[in-house]
Amino acid sequence: MSNKTKNGHGVQEEIHHKNPAEKSWLAYILIHYRWVFVCFFLLPLSLVYDIYHLARSWVIFKLNSAPKKHDERVKFVQQQVREWNQQGRSTPMCTARPGWQTISFRQPKYKKTLFNVKVNLMDVLEIDTEKKTVRVEPLVSMGQLSATLNPLGWTIPILPEMDDLTVGGLIMGTGIETSSHKHGLFQHICVSYELVMADGSAVKCSKEENSDLYYAIPWSYGTLGFLTAVEIKIIPALQFVRLEYQSVSSLDEACRVFQEQTLKDENNQFVEGLMFSLNRGVIMTANMVNSAEPGKLNVISRWYKPWFFKHVESFWGQEPHVEYIPTRDYFHRHSRSIFWEIQDIIPFGNHPVFRYLFGWMVPPKVSLLKLTQGETVKELYENNHFIQDMLVPMTTLKDALLCFEKEVKIYPVWLCPFKLPMAPGMLRSPSGKQEMYVDIGTYGVPKVNNFHPVETTRRVESFVRSVNGFQMLYADSYMTEAEFHSMFDHTLYNQMRKKYDCDKAFPRVYGKVSRAARD
Ligand SMILES: Cc1cc2nc3c(=O)[nH]c(=O)nc-3n(C[C@H](O)[C@H](O)[C@H](O)COP(=O)(O)OP(=O)(O)OC[C@H]3O[C@@H](n4cnc5c(N)ncnc54)[C@H](O)[C@@H]3O)c2cc1C
Ligand SMILES: NC(=O)C1=CN([C@@H]2O[C@H](COP(=O)(O)OP(=O)(O)OC[C@H]3O[C@@H](n4cnc5c(N)ncnc54)[C@H](OP(=O)(O)O)[C@@H]3O)[C@@H](O)[C@H]2O)C=CC1
Ligand SMILES: CC(C)=CCC[C@@H](C)[C@H]1CC[C@@]2(C)C3=C(CC[C@]12C)[C@@]1(C)CC[C@H](O)C(C)(C)[C@@H]1CC3
């Protein structure tokens, strides 16, 4: 495998040698000139799509029509589930949300064969500033939520980065951001869930009410019931984030500084690391503030600004540096470059000329990219790309980084600490106490010679299991069912499946997330 992968051309060069499909001229054009399609078709389409959704949710919010319609919509979900019961419960159910709209690399196969239930609930219902909660429907996206809450001076404590992630997906799967070392995973900021169960009944659960169900919902991937509303905690949002960049020049220094900033400094609201090689990284710590020092404001969302990860890299080898970023810009700092995935799609996207002329249309919507990618590009990614987030105990960070270096050698690596509270459910802290974990995110083209999508992933999965870690399940998982059960504690889940009579109603989690269940 060639090593010329620095700016994204690498993917294209890999396939040149490896993929037989590329021999046809159409495949060649699709791979080498994907950017033409993306720039002239997908970018404008993404913009129209975004404007439509923003306008829609603005109007609905202003009319305050969502709360009135909510009950009707829940009744419609119940009606579909009751019909399914009357029809003899023959095929299990899943939501009817099309696979291309979801934030994961693949389309779920099961949507084609299972009974599809329409759960089209996509509005913010109520902001209760006394109780400090926001009640939302499950299809509310992170972009929509931050656009609604921030102008009112509020935010949710964990705002996962990508605009199109939905509340439902983040609860049924999981969500993480750089404030997770203080607040935990996305489910840990949720106060209550409202669901429609297999028999068509509506059930509410929280720590106080139906608490067994409340703890079983996260990571259940829609296999216990359909989510219809969620109450999420809110906290005041200040205007800016004061961000400090600290360069590190060895693996040991990186692990030490990252752990110190996470564990020792209680005052850091946000902690993040980007490793640009095994020995080169920048650790970022940040706090919300209400004023910025003169001359230090950086509005990173402006269309002509460089990709955030490139900006961060420019601080490597420098003295610690401070800047102020508008809070919403900080929350979505990796959106414009889809972390660093955009470099494989628009290789010249960070060039100033491109940024000044077309930067305002970026990024293309992940869903539209997914919808239009075609077999050739899919195969290209399948064989030459590695996308994984592995959650490992903080104490194993160094070993984990060495494992990723050996198996894939992909940089940047995303480091995000999170607190794993002791609570029942799929994720059990091995020590029986609250523990600090770290999410290691690797997205890109492997630079090792022996990369094999299945074998490499299985080796990494095996390492993660050996250190009591967890795999994020939006990515490809090649674990066997037994391995999957040894990673995730199914005790409570199995009890809830029985209690709520789910066996005929929903597939099991493994049946939805394993590689075999995905196209
Ligand atoms: C803080 C806030 C929260 C909102 N939350 C929602 C929501 O969850 N769903 C939705 O569809 N629309 C929401 N809206 C939109 C709001 O309901 C509409 O703007 C409303 O239709 C305007 O009606 P009005 O002109 O009669 O009242 P206004 O004169 O605009 O409102 C009077 C005051 O009531 C308060 N208020 C109004 N609605 C809410 C509410 N739902 N929660 C808390 N305080 C409120 C605000 O402080 C506002 O200043 C919210 C607006 C605000 C300012
Ligand atoms: N920063 C972060 O934390 C990031 C997280 N992710 C991951 O992305 C995924 C979320 O993506 P998103 O596109 O929002 O969600 P998806 O549509 O992919 O949904 C994920 C799962 O949640 C289930 N689900 C969603 N809504 C409901 C509902 N109302 N009732 C019952 N089940 C539901 C889906 O069931 P069904 O299959 O039946 O539709 C599916 O199994 C998560 O897995 C998350 O971990 C990805 C990137 C970043
Ligand atoms: C926990 C965190 C922060 C996770 C971030 C995960 C992202 C980097 C992932 C989620 C969805 C994801 C797999 C995706 C892709 C890249 C990496 C993404 C964005 C892309 C855009 C790569 C190009 C592909 O042709 C295709 C369009 C199918 C996918 C879509 C999903």
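The values are calculated or read from the model by the stated rules, or taken from the named source; none is laboratory data. This is a predicted model, so every value here is computed, not measured. Don't worry about glycine lacking a Cβ; one is built from the backbone with ideal geometry, like all the others, and counts go over all protein chains shown. Protein only, heavy atoms only, side chains kept; ligands, DNA and RNA dropped before computing areas. Shrake-Rupley method; radii C 1.70, N 1.55, O 1.52, S 1.80 Å.
Residues that are aliphatic (A, V, I, L, M), within 28 Å of VAL117 (Cβ to Cβ) and part of a strand (DSSP E or B): does the stretch 148-169 have at least one?
No, every residue in the stretch 148-169 fails to be aliphatic (A, V, I, L, M), within 28 Å of VAL117 (Cβ to Cβ) and part of a strand (DSSP E or B).
For LEU152, state whether it is farther than 16 Å from LEU227 by Cβ and either among the hydrophobic types (A, V, I, L, M, F, W, C) or open to solvent by less than 10 Å² (accessible area, probe 1.4 Å) (or both).
yes
Given (1) among the small types (Gly, Ala, Ser); (2) open to solvent by 40 Å² or more (accessible area, probe 1.4 Å); (3) under 21 Å from VAL445 (Cα atoms), where does SER335 come up short, assuming only one miss?
Every listed condition holds for SER335 apart from (2).
If you check GLU244 against the conditions, is it acidic (Asp, Glu), open to solvent by 10 Å² or more (accessible area, probe 1.4 Å), outside any loop (DSSP other than H, G, I, E, B) and farther than 30 Å from SER192 by Cβ?
So GLU244 passes the test.
For the stretch 322-332, which residues satisfy the criterion of being among the charged types (D, E, K, R) and open to solvent by 20 Å² or more (accessible area, probe 1.4 Å)?
ARG328, ASP329
Are any residues in the stretch 476-501 assigned to a loop (DSSP other than H, G, I, E, B), closer than 26 Å to MET422 by Cβ and touching a residue at least 40 places away in the same chain (Cβ under 8 Å), and if so, which ones?
PHE488, ASP489, HIS490, TYR500
Could you identify the single residue in VAL366, VAL438 that is within 16 Å of ligand 2 (Cβ to nearest atom), open to solvent by 20 Å² or more (accessible area, probe 1.4 Å) and either touching a Phe, Trp or Tyr at 6+ places or on another chain (Cβ under 9 Å) or of a type in the set (Val, Ile, Thr) (or both)?
None of the others qualify; the one that does is VAL366.
Take the conditions in contact with a Leu (Cβ under 8 Å, 6 or more places away or on another chain) and either of a type in the set (A, V, I, L, M) or open to solvent by less than 10 Å² (accessible area, probe 1.4 Å) (or both) and apply them to LEU263. Does it pass?
no
Here's a check for you: in the stretch 104-118, which residue that is within 16 Å of ligand 3 (Cβ to nearest atom) and open to solvent by 40 Å² or more (accessible area, probe 1.4 Å) is farthest from the chain's Cα centre (by Cα)?
Per the criteria, the residue is LYS109.
Return yes when TRP58 is open to solvent by 40 Å² or more (accessible area, probe 1.4 Å), within 16 Å of ligand 3 (Cβ to nearest atom) and not in a loop (DSSP other than H, G, I, E, B) and no when it is not.
no
Consider ILE342 against the criteria (1) under 20 Å from VAL438 (Cβ atoms); (2) within 16 Å of ligand 2 (Cβ to nearest atom); (3) among the aliphatic types (A, V, I, L, M): it satisfies all of them except one. Which criterion is unmet?
All conditions are met except number (1).
Considering only residues that are farther than 21 Å from GLN107 by Cβ and outside any helix (DSSP H, G or I), which ones fall in the stretch 322-338?
Scanning the stretch 322-338 gives VAL322, GLU323, TYR324, ILE325, PRO326, HIS332, ARG333, HIS334, SER335, ARG336, SER337.
Of the residues LYS433, LYS419, only one is away from ligand 3 (no atom under 16 Å from the Cβ) and not hydrophobic (A, V, I, L, M, F, W, C); which?
Of the residues listed, the single one that is away from ligand 3 (no atom under 16 Å from the Cβ) and not hydrophobic (A, V, I, L, M, F, W, C) is LYS433.
Which one is nearest to MET142 (Cα to Cα) among residues in the stretch 339-363 that are open to solvent by 40 Å² or more (accessible area, probe 1.4 Å) and assigned to a helix (DSSP H, G or I)?
My answer is TRP360.
For every residue, the table says whether it meets (1) among the basic types (Lys, Arg); (2) buried (at least 22 other Cβ atoms within 10 Å of the Cβ); (3) at pLDDT below 95; (4) within 16 Å of ligand 3 (Cβ to nearest atom).
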position: GLY99; (1), (2), (3), (4): no, no, yes, yes
position: ASN120; (1), (2), (3), (4): no, no, yes, no
position: VAL134; (1), (2), (3), (4): no, yes, no, no
position: PRO138; (1), (2), (3), (4): no, yes, no, no
position: GLY175; (1), (2), (3), (4): no, yes, no, yes
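For the stretch 270-298, how many residues meet the condition of being surrounded by fewer than 20 Cβ atoms within 10 Å (Cβ to Cβ) and either in contact with a strand residue (DSSP E or B) (Cβ under 6 Å, 6 or more places away or on another chain) or without any contact (Cβ under 8 Å) to a residue 24 or more places away in the chain (or both)?
9
Would you be able to say whether some residue in the stretch 142-154 is under 22 Å from LYS512 (Cα atoms) and in contact with a Phe, Trp or Tyr (Cβ under 9 Å, 6 or more places away or on another chain)?
No - not one qualifying residue is present in the stretch 142-154.
Any residue at all in the stretch 221-230 that is assigned to a loop (DSSP other than H, G, I, E, B), over 24 Å from the mean Cα position of the chain (by Cα) and in contact (Cβ under 8 Å) with a residue 24 or more places away in the chain?
No.
For ASP503, indicate whether it is acidic (Asp, Glu), open to solvent by less than 60 Å² (accessible area, probe 1.4 Å) and at negative phi.
Values: acidic (Asp, Glu): yes; open to solvent by less than 60 Å² (accessible area, probe 1.4 Å): no; at negative phi: yes.
No, not satisfied.
Could you check, for the stretch 384-397, whether at least one of its residues is hydrophobic (A, V, I, L, M, F, W, C), outside any loop (DSSP other than H, G, I, E, B) and open to solvent by 20 Å² or more (accessible area, probe 1.4 Å)?
yes
So if I check each of ALA482, ALA400, which one is over 21 Å from GLU341 (Cβ atoms), of a type outside the set (Ser, Thr, Tyr), away from ligand 2 (no atom under 16 Å from the Cβ) and surrounded by 22 or more Cβ atoms within 10 Å (Cβ to Cβ)?
ALA400
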